[in-house]
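Following: one structure in C-alpha cells, then a few remarks.
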Amino acid sequence: MTDQNKSADKLWGGRFSEPTDAFVERFTASVGFDQRLYHHDITGSVAHATMLAEVGVLTVDEKNQILAGLQEVRAEIESGAFHWSISLEDVHMNIEASLTDRIGITGKKLHTGRSRNDQVATDIRLYLRDEIDVIADELARLQLGLLDLAERDAATIMPGFTHLQTAQPVTFGHHLLAWYEMLVRDAERLQDCRKRVNVMPLGAAALAGTTYPIDRQMTARLLGFDRASENSLDSVSDRDFAIEFCSFAALLMTHLSRFSEELVLWTSAQFDFIDLPDRFCTGSSIMPQKKNPDVPELVRGKTGRVNGHLISLLTLMKGQPLAYNKDNQEDKEPLFDTVDTVKGCLRAYADMVPAIHAKADNMRIAAKRGFSTATDLADYLVKKGAAFRDAHEIVGKAVAFGVAEGRDLSDMTLSELTQFSDMIGEDVFDVLTLEGSVQARDHQGGTAPDQVRAAAVRARAKLRQ
Ligand code: ARG
C-alpha cells in the first residue's frame, strides 16, 4: 500500500498527501474510551437515517439497509467480536466503517447532513440521560434505607455535636434525617440537570447547520429528547451539561464523604456508637483485632477524584473559542469516571446503610457524659422567670460543680442544684433527663421522636411521587 493510499483509508483522507504519524494517530484517537458510547451512537444513527428517509434524502431501501447493517454492528460489538481500530480514531468512525464494510456504498450515505461534532454531542447526552436515570434510582434506594433506619431509631438518643463537642442530646433518627435532607437536594439537582441534558444537538452538523431539508423535531421525538437545541454553534461546542452533572456529583460525593467521616468516627473504639456488618469491612494483615470501615473510607477518598473531574471539565471549557474544538474530546474520561464512581459509591451505601446497627447504650452514655442537658436547665430557669443570660451563668456554675464532682446534672440531688438557684424545684428532673430534653423539642424540624417519625412519613410520601 502506498503512503497516499494509507491516508486515503481514513474516512477524511481525501485532502491528505501523507499518512498520519503513528504516534499522532494513537495520541489523537479516542476509541480506547469512547467505545462505551457505541449503543447511543447507533441509536442516534438509526434516528438520523430514519429522519433522512422521511424527508426524502435517503430512499426507504437505503434506510432499511442502513438500519439492518447497524443492527449487525451492534450485535457484533455486544458479542465482543468487534475489532476496534485506532486508525479509525473514534467510536463514530469505527461504526461507520464497519457499516460500509457490510452494506457497501449505502453505508457512506449515513453521514449525510451530520458531522461528528453534533453526533458526539448527541451521543454523550443520550448516554448521560440514561446514566442519570440509573443514578436517580440508586439515590432513591439509599434515601429509602436512611428513612427505614431513621424510623427504627426514632427514639434512640445520642449526643448531638457542635465543634465535635457534646452539645445537646438528639435522636439518632433525627441525625439520619439530616443526611436524608442533603440527599433530597442532590436528587433535585440531578433532575434539574437532566432537563438541560435532554436537549438535542443533532442537526447542528459541523457548526452552522446543514443544507439538507432535515426535520429536527422528528429526530428529537425519535430519540426522546424534550426539544431540539436553538443554536448550532452552541450545540456543538458547549459541555456545560456535563459540567453541571459533575457539579451535582461533586456535591453528592461531598455529602457522602461527610457521612463517611461520621461512620468512620462512630465505628472507632473511642466512639463505639455503631456496628457495620462484617461484609462491609476488612481486616488487617498484621493486627488480628482490626475491623476497618473500608467502604466509608473509600467513599470519602473517591470524593477527591470526583471533585477533581469537575475542575478538569471547567478548565477544559474555559479558554475555548466557538465552536467545536478537539479539546472537547477530553470531556469523556472525567465524565465517565464520575458516572462510574458515583454509581459505585451509591450502590455500596444503599446496600450498607440499612445494615447499620446503633449501639444505643453507648450513645446514651456518651450523651450523658458531656452535660448535654445544660441548655435545658437554662431554658427551665427562664421559664421560671430568670433572664436568659443570668440562667446561662447559673447553669455554668452548676456544670463547673459537675465537672469537679465527675457527675452529670441529672445525677445531682435537688439540694445540690438549689445551691445555684432557688428557682429550681423537683420538676427540674423532667427536663434534665435525656428523654425529657429530646421530647421537649417538639416542632417541625425538631429532634423529638414523634417529630422524627412524622418527618419520615412525609419524606416517604414525597419520595414516592
Ligand atoms: N472523537 C471526537 C470527540 O470526542 C469526535 C468529534 C471529532 N470531530 C472532529 N471534527 N474532529 O470530540
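Under the simplified labelling scheme, the residue 85-residue 289 pair shows an inter-label distance of 6.4 nm, with each label point 7 Å from Cα along Cα→Cβ.
Basic side chains Lys and Arg get +1 at the Cβ, acidic Asp and Glu get -1 at the Cβ, and with that the dipole of segment 44-162 about its Cα centre reaches some 380 debye.
Annotation note: GluC sites (Glu not before Pro) in segment 368-465 located in DSSP loop regions with a Cβ neighbour count of at most 10 within 10 Å are 426.
The spacing between segment 58-120 and segment 256-316, judged by their C-alpha centroids, is 44 Å. With semi-axes defined as the square roots of five times the eigenvalues of the C-alpha gyration tensor, the equivalent ellipsoid of segment 1-140 measures 26, 21, 14 Å, largest first. Charge dipole (Cα centre; +1 on Lys/Arg Cβ, -1 on Asp/Glu Cβ; no other charges) of segment 155-231 amounts to roughly 180 debye. Projecting the Cα atoms of 444, 81, 392 onto the charge dipole of the chain, computed from C-beta unit charges around the Cα centre, puts 81 farthest toward the positive end. Shape descriptor for segment 253-356: Rg over Rh equals 1.15 (Cα atoms; Rh from the Kirkwood inverse mean 1/r).
Restricting the GluC sites (Glu not before Pro) of segment 199-279 to loop positions (DSSP other than H, G, I, E, B) with no more than 16 neighbouring Cβ atoms within 10 Å leaves 230.
Within a Cβ distance under 13 Å of residue 299, other residues only, what is the Lys/Arg minus Asp/Glu net charge? Combined, the nearby Lys, Arg, Asp and Glu give +1. Each Lys and Arg contributes +1 and each Asp and Glu -1, all at the Cβ; summed about the Cα centre of segment 108-198, the dipole is approximately 800 debye.
Ellipsoid fit via the Cα gyration tensor, segment 135-194: semi-axes of 26, 14, 6 Å, each the root of five times an eigenvalue, largest first. Taking R0 as 56 Å, what's the FRET efficiency between residue 383 and residue 217 from their Cβ-Cβ distance, rounded to 0.05? The computed FRET efficiency comes out at 0.25.
Surface composition of segment 308-465: carbon plus sulfur atoms contribute 53% of the solvent-accessible area (1.4 Å probe, protein chains only, all chains present). Picking from 56, 410, 70, whose Cα lies most toward the positive end of the charge dipole for the chain (charges on Cβ: Lys, Arg +1; Asp, Glu -1)? Projecting each Cα onto the dipole axis, the largest value belongs to 56. Hydrodynamic analysis of segment 364-413 uses the Kirkwood radius over alpha carbon pairs. Inserted into Stokes-Einstein at 10 °C and 1.306 mPa s, it gives a translational diffusion coefficient of 143 µm²/s. For segment 41-178, what is the accessible area per residue in Å² when the probe is 1.4 Å? Normalised by residue count, the accessible surface of segment 41-178 is 36 Å². Each peptide in 118-131, 51-64 receives the mean, over its residues, of other Cβ atoms within 10 Å, and ordering these scores from highest gives 118-131, 51-64. Of the residues 201, 150, 372, the one whose Cα sits farthest toward the positive end of the charge dipole of the chain, with +1 on the Cβ of Lys and Arg and -1 on the Cβ of Asp and Glu, is 201. Structural descriptor for the chain: relative contact order 16 percent, calculated from alpha carbon pairs under 8 angstrom and at least 6 residues apart. Counted by Cβ distance under 12 Å from residue 113, the other residues give a net charge of +1, where Lys and Arg count +1 and Asp and Glu count -1. What separates the Cα centres of segment 340-397 and segment 400-454 is a distance of 13 Å. When Lys and Arg each count +1 and Asp and Glu each count -1, what net charge do the other residues less than 9 Å away from residue 173, Cβ to Cβ, add up to? Here the charged neighbours net out to 0.
Think of it as helices only: each DSSP H run of n ≥ 4 in the chain is worth -39500 (n - 2.57), and spread over all residues that comes to -20000 deg cm²/dmol at 222 nm.
For the chain, just say rounded, prolate or oblate: build the C-alpha gyration tensor, square-root its eigenvalues into a ≥ b ≥ c, call rounded for a/c under 1.5, and beyond that prolate if a/b exceeds b/c, oblate if not. It is prolate, given that a/c is not under 1.5 and a/b is the larger ratio.
Applying both filters, DSSP loop and at most 12 other Cβ atoms within 10 Å, to the trypsin sites (Lys or Arg not before Pro) of segment 260-335 gives 290. Extension gain for residue 192 to residue 240 (0.36 nm times residue separation, less C-alpha to C-alpha distance): 16.0 nm. Take the Cα of residue 54, step 7 Å toward its Cβ, do the same at residue 357, and the gap between the two points is 5.9 nm.
The values are calculated or read from the model by the stated rules, or taken from the named source; none is laboratory data. As the structure is a prediction and not an experimental result, all values here were calculated from the model. So basically every Cβ, Gly included, is an ideal-geometry build from the backbone, and we count neighbours across all protein chains shown. Accessible surface areas use protein heavy atoms only, side chains included; no ligands, DNA or RNA. Shrake-Rupley method; radii C 1.70, N 1.55, O 1.52, S 1.80 Å.
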